[in-house]
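In what follows, a structure is listed as structure tokens, so that the remarks can point back to it.
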Amino acid sequence: MRGHDWINTCLPDELILEILRRLDSKSSHDACSLVCKRWLGLERLSRSTLRIGASGSPDIFIKFLAQRFVNVKAVHIDERLSISLPVTAGKRRRRDENSLLSLKIHFAGERNEPKEEECEPFCLTDSGLTAVADGFAKLEKLSLIWCSNVTSFGVMSLAQKCSLLKSLDLQGCYVGDQGLAVVGQCCKQLEDLNLRFCESLTDSGLVTLATECGKSLKSLGVAACARITDKSLEAVGSHCKNLETLSLDSEFISNKGILAIAQGCPLLKVLKLQCINVTDRALMAVGASCLSLEMLALYSFQQFTDEGLRSIGKGCKKLKNLTLSDCNFLGDRGLEAIATGCTELTHLEVNGCHNIGTIGLESVGKSCPRLTELALLYCQRVGNFALTEVGRGCKYLQALHLVDCSSIGDEAICSIAKGCRNLKKLHIRRCYEVGSKGIVAVGENCHSLTDLSLRFCDRVRDEALIAVGHGCPLKYLNVSGCNQIGDAGIVAVARGCPNLTYLDVSVLQNLRDIALTELGEGCPLLKDIVLSHCHQITDIGLSHLVKNCQMLESCHMVYCPSITAAGVATVVSSCPNIKKVLVEKWKVSPRTKRRASSVLSYLCVDL
């Protein structure tokens with residue numbers, strides 16, 4: 001029968017709830033909640049996760065959410081984010097207000113400093129944390145990111161009422177030993193604990209926690225905690241036998257602490273270290289004892305040598321992910337040992353390790369056929385032949401990142417393009433020997449490429465983007481600073497990549513309105529565009545762009561001398577989903593300011 005509501009008539013609440021739980025985006029949940037009152041109530045019951053930013057009064061806001069969403073198991077509170085308070089009950093917001101509420105206009109060159117008395121209401125307090133504990137009885141996961149007004153008293157109240165808690169992130173919170181001790185005593189199922197930047201903690205708190213709930217703990221992160229020493233790690237090694245992930249960033253941790261972890265936590269799979277007092281002796285212990293290690297990240301070590309990496313290559317046969325950053329005494333021999341010993345390697349990042357060169361990367365290409373992602377940053381000694389070997393041996397490579405690698409040029413990129421045809425992501429920045437020849441080869445061979453970034457590669461010309469436009473289904477493109485690229489290249493992308501959602505063409509001095517016209521016609525899914533420093537773009541080009549790009553959410557156009565207040569107004573008025581416009585203040589007319597009055601008062605920042 002026409003007009004009959006068969007869904008609500010035939011489907012029970014349990015089935016609709018199961019359907020709602022399978023929705024994968026907040027927008028889908030929101031849309032379903034608007035269908036009818038029944039669906040509104042069921043949608044609230046289906047919510048298991050809440051993400052909360054700073055609000056006018058976060059403590060009250062949490063109480064409001066707890067009344068609506070009773071089955072929430074995960075709460076993320078991040079005071080770096082901003083949100084809008086819900087609409088007052090009984091009042092409907094007009095359609096134009098709905099769209100303008102999310103609009104952000106960032107004025108170039110203006111800075112609005114919040115008054116001191118205005119900052120306090122935007123911070124979660126112990127009272128708000130108590131409201132979390134009282135309102136979300138099924139809570140299993142809680143993240144408190146930079147909630148600096150939260151103290152041990154709030155954490156104690158939370159721990160006593162949320163005994164089912166499995167994950168707790170206290171990054172940047174001023175929580176002391178007393179609060180952490182109560183967490184250990186009450187939360188016996190705790191598996192994941194992040195204590196980064198908890199500066200008031202000492203060994204006493206962490207030792208107590210490890211003693212009380214160490215059997216369940218699987219992941220621990222400690223950074224910038226000046227009073228956490230080897231004593232804490234010894235307690236972790238003694239009581240946390242099931243620990244799988246450890247992240248340490250401390251000047252006060254030495255070999256003694258890492259040795260305790262290596263010997264006491266044989267199930268360790270992920271180890272991230274930034275400890276300047278740790279030497280090869282610690283790595284040797286890890287290689288000898290942590291045979292299940294799958295991910296190793298070493299940052300800013302001046303005392304590690306190839307000897308330590310050889311121990312890892314010899315013992316950690318399951319290693320899949322390796323990051324070496326600013327380890328100046330690591331060289332080719334160490335990387336060779338990793339390549340020959342850890343043949344399951346899938347991800348490798350080498351950042352600023354100036355003694356690692358072509359020979360080390362060659363061995364990776366020869367011995368690690370499962371490599372899917374490779375990042376080389378500031379590797380001046382890595383030459384073309386290294387990537388030639390990678391192209392030959394790593395057929396499954398999907399992502400390649402190159403930053404400031406002055407010895408890598410077109411020959412290397414051609415080898416990658418011909419050998420790694422499954423490449424999906426290619427990011428190159430300030431590699432001045434890479435030109436059009438290499439990128440043309442990518443366009444001709446890498447037909448799965450969706451993400452391309454060529455920042456400040458001034459030898460790349462239009463013919464490169466023409467090949468990419470013909471051969472690659474791009475969704476993301478950044479050619480910022482490639483000053484040889486003009487209209488022809490961008491037009492080819494516009495015509496050949498209809499699924500493009502992000503485009504950065506900043507500092508392209510030869511780009512004109514014709515390119516924006518083609519983008520408007522060919523890329524209806526475009527959401528973010530950066531036009532800053534494009535001197536030949538005018539209001540006419542903008543109007544053609546926004547005419548068909550109705551999904552546009554972000555537009556950056558600072559230092560575009562030919563764009564006027566009329567162009568800014570066109571973007572604001574023509575794009576119903578626009579959320580952020582970056583432009584000089586003097587280009588925003590009074591009328592445009594009025595249209596965005598709901599956010600201008602507190603979302604203005606400088607460049």
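The values are calculated or read from the model by the stated rules, or taken from the named source; none is laboratory data. This one's a predicted model, so the numbers in the text were calculated from it and none came from an experiment. Note that we place each Cβ from the backbone using ideal geometry, even for glycine, and neighbour counts take in every protein chain shown. When the accessible area is computed, the model is the full protein with side chains, heavy atoms only, and any ligands, DNA or RNA have been set aside. Shrake-Rupley method; radii C 1.70, N 1.55, O 1.52, S 1.80 Å.
Look at Asp513 and say whether it is over 22 Å from Val568 (Cβ atoms), of a type in the set (D, E, K, R), touching a helix residue (DSSP H, G or I) at 6+ places or on another chain (Cβ under 6 Å) and at pLDDT 95 or above.
No.
Give the range 575-594 a look and list any residue that's in contact with a Ser or Thr (Cβ under 7 Å, 6 or more places away or on another chain) and open to solvent by 10 Å² or more (accessible area, probe 1.4 Å), or say none.
Initially, the range 575-594 is screened for residues in contact with a Ser or Thr (Cβ under 7 Å, 6 or more places away or on another chain), giving 576, 579-580, 587.
Passing the criteria: Pro576, Lys579, Lys580.
Condition first: among the polar types (S, T, N, Q) and either out of contact with any strand residue (DSSP E or B) (no Cβ under 8 Å at 6 or more places or on another chain) or at pLDDT 95 or above (or both). Now tell me which residues in the range 214-254 satisfy that.
Filtering the range 214-254 down to residues among the polar types (S, T, N, Q) leaves 216, 219, 229, 232, 238, 242, 245, 247, 250, 254.
If the condition is that a residue be among the polar types (S, T, N, Q) and either out of contact with any strand residue (DSSP E or B) (no Cβ under 8 Å at 6 or more places or on another chain) or at pLDDT 95 or above (or both), then Ser216, Ser219, Thr229, Ser232, Ser238, Asn242, Thr245, Ser247 are the ones that fit.
I need the full set of residues from the range 382-394 which are under 13 Å from Lys366 (Cβ atoms) and assigned to a loop (DSSP other than H, G, I, E, B), in order please.
Listed by number, the list holds a single entry, Cys394.
Within the range 155-171, which residues are more than 17 Å from Gly214 (Cβ to Cβ) and open to solvent by less than 10 Å² (accessible area, probe 1.4 Å)?
Answer for the range 155-171, where residues must be more than 17 Å from Gly214 (Cβ to Cβ) and open to solvent by less than 10 Å² (accessible area, probe 1.4 Å): Val155, Leu158, Cys162, Leu170.
Yes/no matrix, rows are residues, columns are (1) free of Cβ contacts under 8 Å to residues at least 24 places away in the same chain; (2) among the small types (Gly, Ala, Ser); (3) part of a helix (DSSP H, G or I):
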{"position": "His401", "(1), (2), (3)": "no, no, no"}
{"position": "Glu411", "(1), (2), (3)": "no, no, yes"}
{"position": "Cys414", "(1), (2), (3)": "no, no, yes"}
{"position": "Lys418", "(1), (2), (3)": "no, no, yes"}
{"position": "Arg421", "(1), (2), (3)": "no, no, no"}
{"position": "Ile428", "(1), (2), (3)": "no, no, no"}
{"position": "Cys431", "(1), (2), (3)": "no, no, no"}
{"position": "Ile439", "(1), (2), (3)": "no, no, yes"}
{"position": "Ser448", "(1), (2), (3)": "no, yes, no"}
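Identify, by number, the condition in (1) closer than 24 Å to Thr151 by Cβ; (2) of a type outside the set (Asp, Glu); (3) open to solvent by less than 10 Å² (accessible area, probe 1.4 Å) that Val286 doesn't meet.
Unmet condition: (1).
Can you tell me which residues in the range 144-154 are part of a loop (DSSP other than H, G, I, E, B) and open to solvent by less than 30 Å² (accessible area, probe 1.4 Å)? If you could, list the steps in order and put the result at the bottom.
First pass over the range 144-154, keeping only residues part of a loop (DSSP other than H, G, I, E, B): 146-151.
Of everything in the range 144-154, those that are part of a loop (DSSP other than H, G, I, E, B) and open to solvent by less than 30 Å² (accessible area, probe 1.4 Å) turn out to be Cys147, Val150.
Looking at the range 458-479, can you tell me whether even one residue there is in contact with a Lys or Arg (Cβ under 6 Å, 6 or more places away or on another chain), open to solvent by 10 Å² or more (accessible area, probe 1.4 Å) and outside any strand (DSSP E or B)?
no
For residues that are open to solvent by 10 Å² or more (accessible area, probe 1.4 Å) and either part of a loop (DSSP other than H, G, I, E, B) or over 18 Å from Ile145 (Cα atoms) (or both), tally how many sit in the range 186-204.
Looking only at that region, the number is 10.
Taking the range 242-263 on its own, how many of its residues are among the charged types (D, E, K, R) and either crowded, with 22+ Cβ neighbours inside 10 Å or under 14 Å from Ser300 (Cβ atoms) (or both)?
2
Name the one entry in Gly409, Gly435, Gly443 that is of a type outside the set (S, T, N, Q) and over 22 Å from Leu503 (Cβ atoms).
The match here is Gly409.
Are any residues in the range 358-374 within 23 Å of Lys317 (Cα to Cα) and either among the polar types (S, T, N, Q) or open to solvent by less than 10 Å² (accessible area, probe 1.4 Å) (or both), and if so, which ones?
Gly360, Leu361, Ser363, Val364, Gly365, Ser367, Cys368, Leu371, Thr372, Leu374
I'd like the full set of residues that are among the polar types (S, T, N, Q) and in contact with a helix residue (DSSP H, G or I) (Cβ under 8 Å, 6 or more places away or on another chain), limited to the range 350-406.
Asn355, Thr358, Ser363, Ser367, Asn384, Thr388
Considering only the range 128-139, how many residues are farther than 14 Å from Val70 by Cβ and open to solvent by 60 Å² or more (accessible area, probe 1.4 Å)?
0
Can you pull out every residue in the range 318-370 that is farther than 21 Å from Ser407 by Cβ, in contact with a His (Cβ under 7 Å, 6 or more places away or on another chain) and either among the basic types (Lys, Arg) or modelled with pLDDT under 95 (or both)?
Passing the criteria: only Lys320.
Could you say which residue among Val183, Val207, Val236 is in a helix (DSSP H, G or I), within 17 Å of Phe153 (Cα to Cα) and in contact with a helix residue (DSSP H, G or I) (Cβ under 8 Å, 6 or more places away or on another chain)?
When all the criteria are applied, what remains is Val183.
What pairs can you find where one residue is in the range 297-324 and farther than 15 Å from Asp280 by Cβ and open to solvent by 80 Å² or more (accessible area, probe 1.4 Å), the other is of a type in the set (Val, Ile, Thr) and not in a strand (DSSP E or B), and their Cβ atoms are less than 6 Å apart, with a gap of 6+ or different chains?
Hits for this filter: Lys320/Thr346.
Which members of the range 220-241 meet the condition of being among the hydroxyl-bearing types (Ser, Thr, Tyr) and surrounded by fewer than 18 Cβ atoms within 10 Å (Cβ to Cβ)?
Ser238
Give the residue that is most open to solvent (accessible area, probe 1.4 Å), with candidates limited to residues of the range 376-390 that are among the polar types (S, T, N, Q) and closer than 9 Å to Ile408 by Cα.
Gln380
Starting from residues that are in a loop (DSSP other than H, G, I, E, B) and hydroxyl-bearing (Ser, Thr, Tyr), keep the ones in the range 160-180 and report whichever is farthest from Glu140 (Cα to Cα). Before the answer, list the steps.
If we filter the range 160-180 for residues that are in a loop (DSSP other than H, G, I, E, B), which is where we start, we get 162-166, 170-176.
From what's left, hydroxyl-bearing (Ser, Thr, Tyr): 163, 174.
Numbers: Ser163: 9, Tyr174: 22 Å.
Only one residue tops the list, namely Tyr174.
Within the set of pairs 6+ apart or on separate chains, which have a first residue in the range 551-574 that is among the hydroxyl-bearing types (Ser, Thr, Tyr), a second that is open to solvent by 40 Å² or more (accessible area, probe 1.4 Å) and in a strand (DSSP E or B), and C-beta atoms under 7 Å apart?
These pairs meet every condition: Ser554/Asp528; Ser554/Lys580.
Please determine, by comparing only the residues of the range 536-548 that are under 19 Å from Asn577 (Cα atoms) and over 32 Å from the mean Cα position of the chain (by Cα), which one is most open to solvent (accessible area, probe 1.4 Å). If you could, list the steps in order and put the result at the bottom.
Looking only at the range 536-548, we keep the residues that are under 19 Å from Asn577 (Cα atoms), and these are 542-548.
Cutting the leftovers down to over 32 Å from the mean Cα position of the chain (by Cα) gives us 543-544.
On the way: Ser543: 47, His544: 80 Å².
Top of the filtered list is His544.
Residues to consider are Val568, Val530, Val546; find the one that is at pLDDT 85 or above, touching a strand residue (DSSP E or B) at 6+ places or on another chain (Cβ under 6 Å), of a type outside the set (Gly, Ala, Ser) and farther than 15 Å from Leu508 by Cβ.
None of the other options fit; the residue is Val568.
Find the residue count for the range 482-501, including only residues that are closer than 14 Å to Cys534 by Cβ, touching an Asp or Glu at 6+ places or on another chain (Cβ under 7 Å) and not hydrophobic (A, V, I, L, M, F, W, C).
Of the residues in the range 482-501, 3 are closer than 14 Å to Cys534 by Cβ, touching an Asp or Glu at 6+ places or on another chain (Cβ under 7 Å) and not hydrophobic (A, V, I, L, M, F, W, C).
Restricting to the range 498-535, count the residues that are out of contact with any Cys (no Cβ under 8 Å at 6 or more places or on another chain), part of a loop (DSSP other than H, G, I, E, B) and either open to solvent by less than 20 Å² (accessible area, probe 1.4 Å) or closer than 21 Å to Ser562 by Cβ (or both).
Counting residues in the range 498-535 that are out of contact with any Cys (no Cβ under 8 Å at 6 or more places or on another chain), part of a loop (DSSP other than H, G, I, E, B) and either open to solvent by less than 20 Å² (accessible area, probe 1.4 Å) or closer than 21 Å to Ser562 by Cβ (or both) gives 2.
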